[in-house]
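The values are calculated or read from the model by the stated rules, or taken from the named source; none is laboratory data. This is a predicted model, so every value here is computed, not measured. No Cβ is skipped: glycine too gets one built from the backbone with ideal geometry, and neighbour counts run over all protein chains shown. Areas reflect the complete protein model, heavy atoms only, side chains present, ligands, DNA and RNA absent. Shrake-Rupley method; radii C 1.70, N 1.55, O 1.52, S 1.80 Å.
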Amino acid sequence: MNIEQFQQALLEKGIELSPQQLDQFDTYYRLLVEWNEKMNLTAITDKEEVYLKHFYDSISAAFYFDFNESHRICDVGAGAGFPSIPLKICFPDIHVSIVDSLNKRISFLNHLADSLQLKGVSFYHDRAETFAQKQEHRESYDIVMARAVARMSVLSELCLPLVKLDGTFIAMKAASAQDEMDTGKKAIFTLGGEIEEIHPFTLPEENSERNIITVKKVKKTPKKYPRKPGTPNKQPIE
């Protein structure tokens with residue numbers, strides 16, 4: 001997906017990018033490739049692939065959810081900033097917090113935010129399990145997002161404790177979404193969530209399946225969740 005195709009594909013979804021926003025994506029790409037030589041940020045470095053599989057794919061959440069309000073968003077395990085930084089470029093009024101367990105990635109994100117002149121972004125070096133037990137973050141975000149971090153039963157335990165009542169957990173998944181939903185239902189219910197919608201779509205050009213799953217927070221998460229770091233992955237609620 002070249003830059004013109006990227007711009008046109010977003011325009012067809014009602015997202016019009018200014019020259020400044022296009023410059024921000026260009027800078028994002030250059031810094032991603034530059035820092036990737038020093039640390040492992042992504043296996044994808046070809047420009048057209050980055051624009052399709054990282055930038056466009058990240059923004060696809062906005063095809064099914066309205067990001068035009070000044071939401072407080074937490075992105076769990078964002079790595080090199082996906083999906084929240086591409087969304088922040090498109091929707092400057094959102095407030096983004098990223099939590100990631102690797103300090104090197106936090107260094108990259110701080111440099112990226114400075115270079116893109118992003119306001120209203122915060123980066124936290126922490127495990128999601130301990131981050132969600134901190135009073136200032138627990139059940140305080142309008143939207144909590146994760147993209148391909150872990151299977152749904154595990155992801156729900158990392159994300160739903162951060163979502164405030166009536167807020168939304170958005171999971172961005174590839175093709176196995178229905179299988180994951182079958183095993184993830186118990187965790188979603190236990191943690192105070194209710195499955196709202198599953199939006200399947202096909203990524204342009206390569207035609208691979210994607211799914212945007214939205215979960216509504218309908219009741220408070222029991223205090224014991226999330227459990228200690230590593231436990232959700234070893235002993236998922238299934």
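Between the range 131-157 and the range 35-66, what is the separation of their alpha carbon centroids in Å? Taking the Cα centre of each part, the range 131-157 and the range 35-66 sit 21 Å apart.
Helices that extend 24 Å or more along their long axis by alpha-carbon positions and average at least -1.0 on the Kyte-Doolittle scale are, among the DSSP H runs of the chain, 19-36. Count Lys and Arg as plus one, Asp and Glu as minus one, and take only other residues whose Cβ is under 11 Å from that of TRP35; the net charge is then +2.
With both labels modelled 7 Å from their Cα along Cα-to-Cβ, the LYS220 to LYS134 distance reads 2.1 nm.
Model label points for ASP46 and HIS199, set 7 angstrom from Cα along the Cα-to-Cβ axis, are 2.8 nm apart.
When the helices of the chain are scored as -39500 (n - 2.57) per DSSP H run of n ≥ 4 and the total is divided over every residue, the value at 222 nm lands at -10000 deg cm²/dmol. Rolling a 1.4 Å probe over the protein heavy atoms leaves PHE63 with an accessible area of roughly 40 Å².
Loop-located GluC sites (Glu not before Pro) in the range 18-61 (DSSP state not H, G, I, E or B) with no more than 11 neighbouring Cβ atoms inside 10 Å: GLU37.
Note the full-extension length gain between GLN235 and GLN8 as 0.36 nm times their separation in residues minus their Cα-Cα distance, in nm to one decimal.
Working: separation 227, 0.36 × 227 = 81.72 nm, distance 4.43 nm.
77.3 nm is the gain from fully extending GLN235 to GLN8.
Among 187-193, 222-228, 201-207, the peptide with the highest mean count of other Cβ atoms within 10 Å heads the list, and the full ranking is 187-193, 222-228, 201-207. How would you classify the range 189-238 from its alpha-carbon gyration tensor, with a ≥ b ≥ c the square roots of the eigenvalues: rounded for a/c under 1.5, else prolate if a/b is greater than b/c, otherwise oblate? Because a/c hits 1.5 or more and a/b fails to exceed b/c, the range 189-238 counts as oblate.
3J(HN,Hα) along the range 73-87, derived from phi through the Karplus expression 6.51 cos²θ - 1.76 cosθ + 1.60 where θ = phi - 60°, amounts to 10, 10, 10, 9, x, 6, x, 8, x, 9, x, 6, 6, x, 5 Hz, with x in place of Gly and Pro. Once the 1.4 Å probe is applied to the protein heavy atoms, the range 93-238 comes out at 47 Å² accessible per residue. Counting only protein heavy atoms, what percent of the accessible surface of the range 91-197 is carbon or sulfur at a 1.4 Å probe? In the range 91-197, the share of accessible area belonging to carbon and sulfur is 47 percent. Length available on full extension from GLU16 to SER122: 0.36 nm per residue minus the Cα-Cα distance, which gives 35.6 nm.
Net length available on complete extension from ASP66 to THR183 is 39.3 nm, with 0.36 nm assigned per residue and the Cα-Cα distance removed.
All other residues whose Cβ lies under 12 angstrom from that of ALA175 are scored, Lys and Arg at +1 and Asp and Glu at -1, for a net of -1. Amide H contacts for GLY167 (H built 1.01 Å from N in the peptide plane; partners 5 or more residues away or on another chain; cut-off under 5 Å): LYS217.
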